[in-house]
């Protein structure tokens, strides 16, 4: 069974950074891309970018370049997303989802940016 | 970026009713369209992929159709667990983009 387990909720101060994780199981991690997505409260879902589990190759939505950095650890089948220079506009639920076509999703993690 | 216009934004409906949600793309997306259901707890589930292929385990009352720029999701006979948010996604071109969502609510 494919599973994507995300890390817990984060409360972070403005200007800080946060690293989110997405631990996978049930499939060959290195054969798939992993996408990350953002959903602000009551808002649409936005695609941030994706990363290939095999070699760490990345592609980003232009809107999130400089904000998000995607990495992987093949040894633990885990994908990570670093979010930097956080502001209130970064307060949202963030999902990981297995790519090509986003078939399996993590449960989402709430990031709250507040002083 | 490809824009997806999803309608209606809110859809009041009754149990047993048939409903249809529309998703129109700003350019052809060659059937590279999925439909997702999001429950109030935030859980997201893929229902339909490649326009019309039903995800394993998804009830057959769900169906998808379309081509070119126009796509739709239909639910043939609403059950209580179907009241949720629905989103379309295009993955034909980067960046992937979503429709704004349809809230299916009990009338």
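Each reported figure results from applying straightforward, stated rules to the coordinates on display, with no laboratory input. This structure is a prediction, so every number in the text was calculated from the model and none was measured. Ideal geometry is used to build each Cβ from the backbone, glycine not excepted, and the neighbour counts take in all protein chains shown.
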The relative contact order of chain A, taking Cα pairs under 8 Å that sit 6 or more residues apart, comes to a percentage of 36
For a paramagnetic label modelled at 7 Å from the Cα of residue A:2 toward its Cβ, which residues of the stretch A:54-94 fall within the zone defined by backbone nitrogen distances under 20 Å?
A:54-59, A:71-81, A:94
Longest to shortest principal axis, alpha-carbon extents of the stretch B:61-107, angstrom
36, 19, 14
Among B:42, B:66, B:57, which one shows the highest mean-square fluctuation when chain B is modelled as a Gaussian network with alpha-carbon springs under 10 Å?
B:57
Taking beta carbons within 10 Å but only from partner chains, what does the mean come to for residues B:38-46?
4
So, in nm, how far is label residue A:55 from label residue A:31 when the simple model puts each one 7 Å beyond its Cα toward the Cβ?
1.9
Count, for each residue of A:56-67, the Cβ atoms from other chains sitting within 10 Å of its Cβ, then give me the mean as a whole number.
1
Taking only C-alpha pairs under 8 Å that are 6+ residues apart, what is the relative contact order of chain B in percent?
39
quick shape note, chain A: Cα extents on principal axes in Å, largest first -> 40, 26, 25
Give or take rounding to whole Å, what are the principal axis extents of the alpha carbon atoms in the stretch B:1-98, in descending order?
36, 24, 23
When every alpha-carbon pair in the protein assembly as shown is counted, what percent end up more than 20 Å apart?
59
May I ask you to order A:2-8, B:73-79 by the average number of other C-beta atoms within 10 Å around their residues, highest value first?
B:73-79, A:2-8
With a Förster distance of 35 angstrom and the Cβ-Cβ distance between residue B:103 and residue A:89, calculated FRET efficiency to the nearest 0.05 equals 0.90
Number of partner chain Cβ atoms within 10 Å, mean per residue of A:99-106
5
Set the Förster radius R0 to 35 Å, insert the Cβ-Cβ distance between residue B:70 and residue A:76 as r into 1/(1 + (r/R0)^6), and round the FRET efficiency to 0.05.
0.20
